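The values are calculated or read from the model by the stated rules, or taken from the named source; none is laboratory data. Small disclaimer: the values here were computed from a predicted structure and weren't measured. Using ideal geometry, Cβ is built from the backbone for each residue, glycine included, and neighbour counts are taken over all protein chains shown.
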């Protein structure tokens, strides 16, 4: 017969005149090291104990004590772009990730996913015979494709990983997360009251995946990518960690920043003449703040510290597991952050982060009434600018900015079998796109020029494996550009030019600053006027790098990026009509009907289940109860449900519940249950209930949320924490929910749409 593949044996008429042949699968060799990448989210340069902080991170510190700390390591200013560079070894624009993966602008540098012409390290190592495992945050697929409908070609399993457990969006609730297991959505295995926290769950699965692999194939090394939701908002952790930090930051950010800066100098993490950057605009002197503002800010920082401490404990569990297996010494472990500390908590910080994204300035006087909720399930907190800058000590500015506060982060590398200079520092300049190049060199792996029939972009990162044994060798990195929504920067030979861009202004009007960061890493001494020739030289290099790595066209858009929601080939129909038929997996926010801030109709076609014996306690005429549709969490959301024989709509705007209950019981012959929400110009809304198309009660919501939650919708039950106080748990619908239809009636006014779009980008 015709051969359809490679076969090097001989097939004769009988076994006697035939020679068998067995294809050997790729195998990297039993002595090759395992690789573990631990990625923390929104982690400033100073926030680990081994980088100057007073926050307890003993397990990461332990890795640093037996490995290397890099003091001049850089990333992009935002999460998805850093992840794209980290996993490919290329610059983020080149592989299609200018900003977060929620957007596709129609240009090669912003497709919402990693280019298939840039194989991930998982894809490459998998082809070499490695087991490839991932847990945690992904945020590298177009979010509108992250529902159960897919397409899933940019999900972890399709980009080189054998196993995956985590969440696909940019953030999730730490106590009630949106979870994906391999290629399907699941519910969390436990509840907050049962002690559940997603960081613990991720490490449980990471250990299980490694045990599964090594238990059956002990000869095969593994690659594990562990990307925590921590320390991105919401800052949430178990109560005992919150209690540990009570009062720890009452001295305020000025004192703490000075304390951490002194510790950094003592540790040798900075050149001895480094200056502590002045407070950023909008950060006031701690001692001049009103009492309530200090109370709130201190408690929000406590929540962050508890979150980081708890995350460190989970890293310790993973390290202990590797040690118990005898795998630790021959495992390359890297621990790093994806960008600097976040500015998204605003000047005061927020108890409910989604308020900030709705343009609502939550005052400290309001928030202090709920201090004890901060860090727990009933909060979605983020700290204020002052603590974010303390986290970025000694630098200025934050995440999203191309100054050092946005791009200069910790990097710890631990590999006992490959690094002999335990506990040492490395000062060479390097960038996140260098990590993959380093891994390839350490494993003696060559990146393919063709992969799955596609020509591959060259890996442009510079390996820093040389630094393992050469502490004083100059960096081999020649140049690195930075760009994020118009903010720009360029590093070359110890010098850096950088500019903050104001969206909507001419790029030619940007004010470029010049720093000799080899001596002035905190960017305090602007030398632009003293060395105009050097500044011009660096700006020219920036444009060269921008052209080479696909940065162009320069694009500072945020709001406009959401206008593509209703384009062809998206999950959003042109007629704005959505039809859902349960059972269905939860819908991620960007793939479901966008009901935030706008008018809509919702209709549920229902039937009573004949002879239902599962709910004998229901003596209502309709004979069923439960949630028809819900989106959001206990902190903010909306839910449409049946309770005690009545139809109910609960609009939860940050604990301000507008509850509309039908003025009559649902009759036994009801086949259609509906709600109409109509937005007024002042952002309030009328809510009308309908039973079989007839009015059945009404109410008024004071205002509509543009961005409702980071948790999406569910049909036939309430996934995650319950939106309403009227029921507990998922409160599944016990009747027959044939279908649920949502019709968007009109687009919101420009102000509301703009606020929603700005908030979505800021949230990520």
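Considering the range 128-138, and only residues there that are over 21 Å from the mean Cα position of the chain (by Cα) and assigned to a loop (DSSP other than H, G, I, E, B), the residue that is nearest to residue 590 (Cα to Cα) turns out to be 130. If residue 154 satisfies every condition in (1) modelled with pLDDT of 95 or more; (2) surrounded by fewer than 24 Cβ atoms within 10 Å (Cβ to Cβ); (3) in contact with a strand residue (DSSP E or B) (Cβ under 9 Å, 6 or more places away or on another chain) but one, which is the exception? Single failed check for residue 154: (3). Quick one: is residue 402 assigned by TED's automatic domain parsing to the domain that holds residue 305, out of contact with any helix residue (DSSP H, G or I) (no Cβ under 9 Å at 6 or more places or on another chain) and either surrounded by fewer than 21 Cβ atoms within 10 Å (Cβ to Cβ) or within 30 Å of residue 502 (Cβ to Cβ) (or both)? So residue 402 fits the description; yes. Number of residues in the range 669-683 that are in contact with a strand residue (DSSP E or B) (Cβ under 6 Å, 6 or more places away or on another chain) and within 24 Å of residue 358 (Cα to Cα) equals 5.
Each row is one residue, and each column tells you yes or no for (1) in the same structural domain as residue 522 (by TED's automatic domain parsing); (2) in contact (Cβ under 8 Å) with a residue 40 or more places away in the chain; (3) under 22 Å from the mean Cα position of the chain (by Cα).
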position: 185; (1), (2), (3): no, yes, yes
position: 199; (1), (2), (3): no, yes, yes
position: 216; (1), (2), (3): no, no, no
position: 231; (1), (2), (3): no, yes, yes
position: 238; (1), (2), (3): no, yes, yes
position: 263; (1), (2), (3): no, yes, no
position: 278; (1), (2), (3): no, yes, no
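Being in a loop (DSSP other than H, G, I, E, B) and modelled with pLDDT under 95 holds for only one residue in 447, 422, 503, and it is 503. Output yes when any residue across the range 320-329 is modelled with pLDDT of 95 or more, in contact with a helix residue (DSSP H, G or I) (Cβ under 9 Å, 6 or more places away or on another chain) and within 19 Å of residue 55 (Cβ to Cβ), and no when none is. Scanning the range 320-329, I find no residue that is modelled with pLDDT of 95 or more, in contact with a helix residue (DSSP H, G or I) (Cβ under 9 Å, 6 or more places away or on another chain) and within 19 Å of residue 55 (Cβ to Cβ), so the answer is no. Scan the range 230-247 for residues that are under 14 Å from residue 378 (Cα atoms) and part of a loop (DSSP other than H, G, I, E, B) and the total you get is 6. Among the candidates 224, 265, 270, which residue alone is modelled with pLDDT of 95 or more and touching a strand residue (DSSP E or B) at 6+ places or on another chain (Cβ under 8 Å)? 224 is the lone residue from the list that is modelled with pLDDT of 95 or more and touching a strand residue (DSSP E or B) at 6+ places or on another chain (Cβ under 8 Å). Scanning the range 451-469 for residues that are in a loop (DSSP other than H, G, I, E, B) and surrounded by 14 or more Cβ atoms within 10 Å (Cβ to Cβ) yields 456, 457, 459, 460, 461, 462, 463, 464. Within the range 333-388, the residues that satisfy the criterion of being outside any loop (DSSP other than H, G, I, E, B), touching a residue at least 60 places away in the same chain (Cβ under 8 Å) and in contact with a strand residue (DSSP E or B) (Cβ under 8 Å, 6 or more places away or on another chain) are 333, 334, 335, 336, 337, 352, 353, 354, 356, 367, 380, 382. For the range 527-544, residues that are closer than 24 Å to residue 71 by Cα and either loosely packed, with under 15 Cβ neighbours inside 10 Å or touching a residue at least 60 places away in the same chain (Cβ under 8 Å) (or both) total 1.
For the range 187-217, residues that are assigned to a helix (DSSP H, G or I) and surrounded by fewer than 13 Cβ atoms within 10 Å (Cβ to Cβ) total 5. Exactly one residue among 582, 521, 553, 571 is under 30 Å from residue 118 (Cβ atoms), assigned to a loop (DSSP other than H, G, I, E, B), at pLDDT 95 or above and not assigned by TED's automatic domain parsing to the domain that holds residue 103, and that residue is 553. Looking only at residues of the range 405-419 that are part of a loop (DSSP other than H, G, I, E, B) and either without any contact (Cβ under 8 Å) to a residue 60 or more places away in the chain or out of contact with any strand residue (DSSP E or B) (no Cβ under 8 Å at 6 or more places or on another chain) (or both), we find that the one that is surrounded by the fewest Cβ atoms within 10 Å (Cβ to Cβ) is 417.
Where residues in the range 733-751 are in contact with a strand residue (DSSP E or B) (Cβ under 7 Å, 6 or more places away or on another chain), at pLDDT below 95 and not in a loop (DSSP other than H, G, I, E, B), which of them is surrounded by the fewest Cβ atoms within 10 Å (Cβ to Cβ)? Checked the range 733-751; the qualifying residue surrounded by the fewest Cβ atoms within 10 Å (Cβ to Cβ) is 746. For the range 718-732, taking the residues that are surrounded by 24 or more Cβ atoms within 10 Å (Cβ to Cβ) and touching a strand residue (DSSP E or B) at 6+ places or on another chain (Cβ under 6 Å), the one that is nearest to residue 592 (Cα to Cα) is identified as 718. Residue 20 falls short on exactly one of the conditions (1) assigned by TED's automatic domain parsing to the domain that holds residue 222; (2) farther than 30 Å from residue 383 by Cβ, and that condition is (1).
Against the numbered list (1) in contact (Cβ under 8 Å) with a residue 60 or more places away in the chain; (2) in a helix (DSSP H, G or I), residue 271 comes up short only at (2).
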